[in-house]
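The values are calculated or read from the model by the stated rules, or taken from the named source; none is laboratory data. A quick note: this is a predicted structure, and the numbers were derived from the prediction, not measured. Don't worry about glycine lacking a Cβ; one is built from the backbone with ideal geometry, like all the others, and counts go over all protein chains shown.
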Amino acid sequence: MAVFRMRRPEIGSIALSAIATLYLLFVANNSFWSHAAVYFDHARIAMLSLGAALGLTTFSILTSLSMKYVMKPVLVLLIAISAAASYFTDTFGVVIDKGMIGNAAVTTGPEAGHLLIGSLALHLALYALIPSLLIAWLKVKHRRFFAKAAVNFLFIAPALVLSGVLVYGNFAGIAYALREHRDLMVRFNPAGPITSAVRYGLSTYRERNLVVQPLGTDAKEGQRIATAGKPVVVVVVAGETARAMNFSLNGYRRETNPELKALGVVNYRDTTSCGTATAVSLPCMFSVYPRKQYSDWKARSSENLVNVLTHAGISVTWWDNNTGSKGVADLISFASMTHNRNSQLCNNGECLDEIFLDELDKKLGATTKDSVIVLHQLGSHGPSYYLRYPEAFRRFTPDCRTPELTSCTTDEIVNAYDNTILYTDHILASVARLLEKHQDSIAGAMIYMSDHGESLGENGIYLHGAPYAIAPKEQTQVPFIAWFSKPYQSSMGVDTACLSKGAGIPKSHDNLFHTVLGMMDVQTGVYNRSLDAFATCTRPLDRKKETPGYHAAEGRLRAESGGVL
């Protein structure tokens with residue numbers, strides 16, 4: 001009995017290289033071409049020349065790798081990388097740069113799970129699996145080694161020469177566009193993502209033997225906190241993905257901050273972030289380096305704010321309801337709230353931010369020394385905004401109930417996001433109320449900054465992580481809020497009316513390091529008063545006044561100094 005067998009089609013290696021080049025150039029690079037059309041608005045010939053040069057260069061690389069047993073795996077890998085990258089660039093408008101590779105490297109399973117959705121699987125099936133199966137099925141004809149090398153050279157050499165001629169002939173237009181829009185080449189698949197991954201890998205390798213240098217070892221508490229009469233406690237809330245423009249405290253049309261408004265918090269309306277992703281912004285927020293001087297290498301090779309506080313003898317605790325401290329809390333007490341599997345507030349490795357509150361209440365009640373408590377929120381992290389708030393805070397409807405944002409309307413996405421801000425308002429107000437509850441035993445204050453903002457579809461961009469140079473304000477304008485209990489205001493000399501008057505003065509993540517040191521009255525050479533957001537509204541210590549606990553502290557200081565003050 002004869003068995004029917006479909007004959008595998010044959011194709012030459014150079015022809016396959018050419019077809020693969022066209023596929024990568026025109027199918028996997030929608031984002032590159034759409035942005036190039038804007039960036040080269042008045043230089044179309046330069047844009048086409050750049051595209052042709054990239055195509056010729058890609059063809060040359062693929063042809064040079066068109067060896068037996070090598071060609072097919074290389075093509076399948078490049079197509080898979082391009083398909084995955086194109087999904088995120090085309091769907092969310094993100095750029096797969098070094099920072100984005102870093103975000104992917106440190107993400108957790110639950111966080112990544114929100115992006116592993118049906119539309120991604122379909123995209124990979126159409127743009128990666130099917131082409132890869134076709135490549136595997138084809139029978140590629142290869143010449144003998146020396147004949148192949150000679151023939152390949154006859155194609156590669158003219159292609160590279162023509163590529164150079166095209167770039168040289170339109171150099172001015174191409175150079176201008178690439179200089180002004182550095183994100184364009186990062187968008188080119190698969191070269192952009194591969195280059196970004198290599199850069200991230202080299203950076204990680206360079207840091208393998210990194211030694212953290214001490215910072216602020218001269219730190220000590222000043223006289224004001226020593227005479228406070230009760231422990232001073234500052235709760236630092238590191239927000240997640242909250243953008244300033246959706247806070248009603250900043251003039252947003254919806255009431256998303258009713259509880260904070262009722263508390264009369266100090267709100268800074270013009271605050272910019274250090275980065276557009278947690279992996280950059282969080283270490284930068286707690287670093288002594290301002291954004292213009294900051295680098296990942298500098299942050300990792302130096303101690304940070306929490307370490308300087310511990311040098312001053314202050315108890316520092318980091319509670320995390322996110323994906324970790326990104327190295328900030330490596331040397332201090334750290335606890336992950338997401339490991340609380342028995343709480344009704346947790347599901348699939350993620351918890352609502354209310355998970356902080358009961359533990360905070362207990363800790364404040366037991367506090368006996370000056371302390372800083374850092375709460376790292378899950379906040380408004382997308383794309384599954386609907387999972388970031390309980391049903392009681394589902395006030396704005398209809399809200400997007402899926403991580404596939406492109407299947408929701410803009411209004412539904414904004415509704416879901418605004419619900420997360422409403423819930424964050426409740427969390428922050430609850431923290432303030434807990435500090436107020438324990439004000440008989442502690443002098444408490446709260447400071448809140450979000451790590452970065454979020455794009456909700458403006459100009460076709462979703463989520464965050466855009467290169468800072470081209471990032472929209474939705475990703476860089478963040479909320480900055482502070483609240484002070486009456487004992488704290490009295491003991492530490494903070495004038496909230498004065499602070500409110502200066503709430504329109506621009507601030508940034510650069511201020512957090514020095515502001516928290518000032519809030520804890522830490523004296524150290526690394527403190528910069530000009531970057532302390534509250535310094536100009538803090539009254540000088542008047543030792544003649546009956547500050548609570550002053551005489552007891554004065555007696556202790558006299559004894560320690562041999563009777564001389």
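In the range 214-288, which helices (runs of 4 or more DSSP H) lie fully inside it and hold 2 or more residues that are within 22 Å of residue 304 (Cβ to Cβ)?
278-285
Filter the range 112-143 for residues that are in contact with a Gly (Cβ under 9 Å, 6 or more places away or on another chain) and under 28 Å from residue 400 (Cα atoms) and give the result.
Passing the criteria: 113, 114.
With the structure loaded, tell me whether residue 489 is more than 28 Å from the chain's Cα centre (by Cα) and either assigned to a loop (DSSP other than H, G, I, E, B) or under 18 Å from residue 388 (Cα atoms) (or both) or whether it fails that test.
no
Restricting to the range 229-269, what's the tally of residues that are of a type outside the set (Lys, Arg) and closer than 24 Å to residue 416 by Cα?
So the answer is 23.
Table: residues versus (1) in contact with a helix residue (DSSP H, G or I) (Cβ under 6 Å, 6 or more places away or on another chain); (2) touching a residue at least 60 places away in the same chain (Cβ under 8 Å); (3) aliphatic (A, V, I, L, M).
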{"site": "148", "(1), (2), (3)": "no, yes, no"}
{"site": "151", "(1), (2), (3)": "no, yes, yes"}
{"site": "181", "(1), (2), (3)": "yes, yes, no"}
{"site": "211", "(1), (2), (3)": "no, yes, yes"}
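State which residue is farthest from the chain's Cα centre (by Cα) when the search covers only the range 217-272 and only residues that are surrounded by fewer than 23 Cβ atoms within 10 Å (Cβ to Cβ) and among the small types (Gly, Ala, Ser).
Top of the filtered list is 229.
So which residues in the range 486-527 are of a type in the set (Gly, Ala, Ser), surrounded by 15 or more Cβ atoms within 10 Å (Cβ to Cβ) and within 21 Å of residue 312 (Cβ to Cβ)?
Residues satisfying the conditions are 491, 493, 518.
Which condition does residue 343 not pass, out of (1) within 16 Å of residue 320 (Cα to Cα); (2) touching a Ser or Thr at 6+ places or on another chain (Cβ under 9 Å); (3) polar (S, T, N, Q), if it passes all the others?
(2)
From 497, 482, grab the single residue that is assigned by TED's automatic domain parsing to the domain that holds residue 421, on the phi < 0 side of the Ramachandran plot, in a helix (DSSP H, G or I) and over 21 Å from the mean Cα position of the chain (by Cα).
Among 497, 482, only 497 is assigned by TED's automatic domain parsing to the domain that holds residue 421, on the phi < 0 side of the Ramachandran plot, in a helix (DSSP H, G or I) and over 21 Å from the mean Cα position of the chain (by Cα).
Counting only residues that are touching a residue at least 60 places away in the same chain (Cβ under 8 Å) and within 18 Å of residue 220 (Cα to Cα), how many does the range 284-333 have?
The qualifying residues number 12.
Scan the range 228-264 for residues that are within 23 Å of residue 456 (Cα to Cα) and not small (Gly, Ala, Ser) and report the count.
Counting residues in the range 228-264 that are within 23 Å of residue 456 (Cα to Cα) and not small (Gly, Ala, Ser) gives 15.
Of all residues in the range 295-316, count the ones that are farther than 14 Å from residue 279 by Cα and surrounded by 20 or more Cβ atoms within 10 Å (Cβ to Cβ).
Count: 10.
Going through the range 324-346 one residue at a time, which ones are at pLDDT below 90 and either under 17 Å from residue 238 (Cβ atoms) or touching a helix residue (DSSP H, G or I) at 6+ places or on another chain (Cβ under 8 Å) (or both)?
338, 340, 343
Checking residue 75 against (1) in a helix (DSSP H, G or I); (2) at pLDDT below 90, only one condition comes out false. Which one?
(2)
For residues in the range 289-326 being among the small types (Gly, Ala, Ser) and not in a helix (DSSP H, G or I), which is nearest to residue 373 (Cα to Cα)?
If we take residues in the range 289-326 being among the small types (Gly, Ala, Ser) and not in a helix (DSSP H, G or I), then 315 is nearest to residue 373 (Cα to Cα).
One residue is enough: does the range 437-453 have a residue meeting the conditions free of Cβ contacts under 8 Å to residues at least 60 places away in the same chain and either crowded, with 24+ Cβ neighbours inside 10 Å or assigned to a helix (DSSP H, G or I) (or both)?
No, that holds for no residue.
For the range 231-280, how many residues meet the condition of being in contact with a strand residue (DSSP E or B) (Cβ under 8 Å, 6 or more places away or on another chain) and hydroxyl-bearing (Ser, Thr, Tyr)?
The total comes to 5.
Working only within the range 108-125, note down all residues that are of a type outside the set (A, V, I, L, M, F, W, C) and within 21 Å of the chain's Cα centre (by Cα).
Those that are of a type outside the set (A, V, I, L, M, F, W, C) and within 21 Å of the chain's Cα centre (by Cα): 108, 109, 110, 111, 113, 114.
Among the residues of the range 358-380, is there at least one that is free of Cβ contacts under 8 Å to residues at least 40 places away in the same chain and in a loop (DSSP other than H, G, I, E, B)?
Scanning the range 358-380 turns up no residue that is free of Cβ contacts under 8 Å to residues at least 40 places away in the same chain and in a loop (DSSP other than H, G, I, E, B).
Counting only residues that are surrounded by fewer than 21 Cβ atoms within 10 Å (Cβ to Cβ), in contact with a helix residue (DSSP H, G or I) (Cβ under 7 Å, 6 or more places away or on another chain) and in a helix (DSSP H, G or I), which one in the range 387-412 is modelled with the lowest pLDDT?
If we take residues in the range 387-412 being surrounded by fewer than 21 Cβ atoms within 10 Å (Cβ to Cβ), in contact with a helix residue (DSSP H, G or I) (Cβ under 7 Å, 6 or more places away or on another chain) and in a helix (DSSP H, G or I), then 406 is modelled with the lowest pLDDT.
Out of everything in the range 27-58 that is within 19 Å of residue 180 (Cβ to Cβ) and among the β-branched types (Val, Ile, Thr), what residue ends up being farthest from the chain's Cα centre (by Cα)?
Among them, the one singled out is 45.
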